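Report on the structure given below.
A short reminder: the numbers here are calculations on the coordinates, not readings from a lab. Remember, predicted model here, so these are calculated numbers, not experimental data. So basically every Cβ, Gly included, is an ideal-geometry build from the backbone, and we count neighbours across all protein chains shown.
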Amino acid sequence: MMYLRQAIQADGRIQVALVGAGGKTTAAFQLARQFSTSFVSASAHLGVHQIPLGDRHIVFANTSQLEEINLLTKEPGITLITGSVEGEKTRGVDPVLLTTLSKIAHKNGIPLIIEADGSRRLPLKAPAPHEPPIPPWVDCVIVVVGMSGVGKPLTDDNVFRAETYSRLTGLPIGSPVTSESLEIFLRHPEGGQKNIPPCARRILLLNQVDTEETLILARAIARGMAMNFSTTLIGQLKCGDNGILEVYDFG
């Protein structure tokens, strides 16, 4: 196994957005831990239960906090930077402030890792019309897929926005989710390719691969993604920081 940072060849200035479902938060914080200092932020909602995953938390509400944020670039560990806390969720950081945060991180040579999607802890997700809110300046986008969703019925219990997934792939509601439908979704401009900036590196993470059968399916999907992603990763991120099993690098 290898570390996520190693698998995506990330340097200290990387600015990455994670979208999809099936392990985004785990991937974001594992990647962040693989640097001595890092910023984790969000352009979408985060659950309040995720706040303790960082070493410190700051609500970034206005530019009067810039001095404080600049000082945090010298602090070891993960600084989680979100919008306001509302009930059980935090709001995404305002796009203008997120761009400012990007400039601060880049200037100080620390990674900025952005969760740019919500999935209600389900393994698969299809985006709503306004999703995912990926900043246009990110270096790469990691599309996360929970392979545990393959074989389960296409319902809202297993796929966030099952009706949208059905429309994009042609798979009827209630049918088992097939690897073929997943490949169609990942190639679709309104599915796995949606809102990825033209210059961003496209990385696919097939996560939750914890059986031999699932590994065989993931390998088949990975081989079919050469025209859509520069790199496909197969992983078991729940198993620890070095949870990447295989890397398919298509250049």
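Odds and ends about this structure:
- Criterion: surrounded by 15 or more Cβ atoms within 10 Å (Cβ to Cβ), over 15 Å from A27 (Cβ atoms), among the β-branched types (V, I, T) and in contact with a Phe, Trp or Tyr (Cβ under 8 Å, 6 or more places away or on another chain) - qualifying residue of V159, V143, V150: V159
- Matching residues, segment 3-13, being out of contact with any Gly (no Cβ under 6 Å at 6 or more places or on another chain) and either exposed (fewer than 15 other Cβ atoms within 10 Å of the Cβ) or under 16 Å from S230 (Cα atoms) (or both): L4, R5, Q6, A7, I8, Q9, A10, D11
- Test: residue in segment 73-83 that is within 18 Å of the chain's Cα centre (by Cα), farther than 27 Å from F160 by Cβ and not aliphatic (A, V, I, L, M): yes
- Count of segment 134-180 residues which are within 30 Å of D11 (Cα to Cα) and not hydrophobic (A, V, I, L, M, F, W, C): 4
- Taken together, A116, A44 contain a single residue that is crowded, with 23+ Cβ neighbours inside 10 Å, hydrophobic (A, V, I, L, M, F, W, C), in contact with a Ser or Thr (Cβ under 7 Å, 6 or more places away or on another chain) and under 23 Å from N195 (Cα atoms), which is A116.
- Selection count where residues are under 17 Å from the mean Cα position of the chain (by Cα), in a strand (DSSP E or B) and polar (S, T, N, Q), scope segment 33-68: 2
- Residues located in segment 196-249, provided they are polar (S, T, N, Q) and more than 21 Å from A10 (Cβ to Cβ): Q208, T211, T214
- Segment 69-103, residues that are within 27 Å of K194 (Cα to Cα) and in a helix (DSSP H, G or I): P95, V96, L97, L98, T99, T100, L101, S102, K103
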